[in-house]
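Worksheet for the structure shown next.
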Ligand SMILES: NC(=O)c1ccc[n+]([C@@H]2O[C@H](COP(=O)([O-])OP(=O)(O)OC[C@H]3O[C@@H](n4cnc5c(N)ncnc54)[C@H](OP(=O)(O)O)[C@@H]3O)[C@@H](O)[C@H]2O)c1
């Protein structure tokens, strides 16, 4: 029996990732808050893969008690081979004008929940991978926002940078171990992300999450940048001096805010 967990599987990229993961696992645990949408994902998975066991684990990952309950629930499913840390999001707006509790929720969802999930699952995953000889995988769904400073998305962008750095560092701690850590850096996608964040319009044409999910799970790279534009952003971030980067970000942001002038 091979078990996978996909967080944020109730919509968008997570649903598409879960559909692909279901093709190669016998059990997939789907997490999210919206049970109706999780049921939709589970139904699609079962229809496409009649032998897969799709299990719904409802939890608000920003809530400490819910998260604790989820971790206990995960223990019932035996060793997990694939973890997809996809749930995420955050509020769009000026830092000084955003409700502080909303900012903390963003940290809880994008940072604390992922730290706790990985810390909870990793020892058993390691033990099982060592004894079975099968490499386990952890996918961190970061963002192109983790490459650079993102005004109006300061806490979300910084949280994704944390996630990226955590994954990169875990890789080093796990050198020689049968655990494969992958980091994905998607850019704008046509999901509920923008509406939830409060962005009326994305800056670039959003990509189809099904295509992005395919690229992420089909990639042989450990760092996966699914869109060409984001490869360019990652390079610009590395080569430009800080002040030049500020200039480029400010210009892009001005255009973005103009397009979203209803905000
Ligand atoms: N769309 C983009 O433009 C974009 C760009 C770069 C990176 N990303 C990243 O891609 C990942 C997937 O996002 P998406 O674009 O597919 O957005 P989405 O459609 O809004 O999906 C977000 C998922 O996360 C779950 N989630 C959100 N808050 C949660 C909470 N408090 N507790 C538990 N689950 C929660 C949602 O489930 P429930 O609603 O059921 O709770 C949903 O399944 C995220 O990590 C996002 O940061 C997105």
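Read-outs throughout are calculated quantities, based only on the coordinates presented, and are distinct from any laboratory measurement. Keep in mind the model is a prediction, meaning the values are calculated, not measured.
Miscellaneous remarks
- Whether segment 3-235 is rounded, prolate or oblate, judged on the alpha carbon gyration tensor where a/c under 1.5 counts as rounded: rounded
- Listed residues 67, 174, 13, most fluctuating in the chain (Gaussian network, C-alpha, under 10 Å): 174
- GNM result for the chain, Cα springs below 10 Å: residue of 251, 182, 165 fluctuating most strongly: 251
- The chain: most fluctuating residue of 170, 107, 70 per GNM, C-alpha cutoff 10 Å: 170
- Under the shape rule built on the C-alpha gyration tensor, where the axes satisfy a ≥ b ≥ c, segment 24-86 is oblate, since a/c reaches at least 1.5 while a/b does not exceed b/c.
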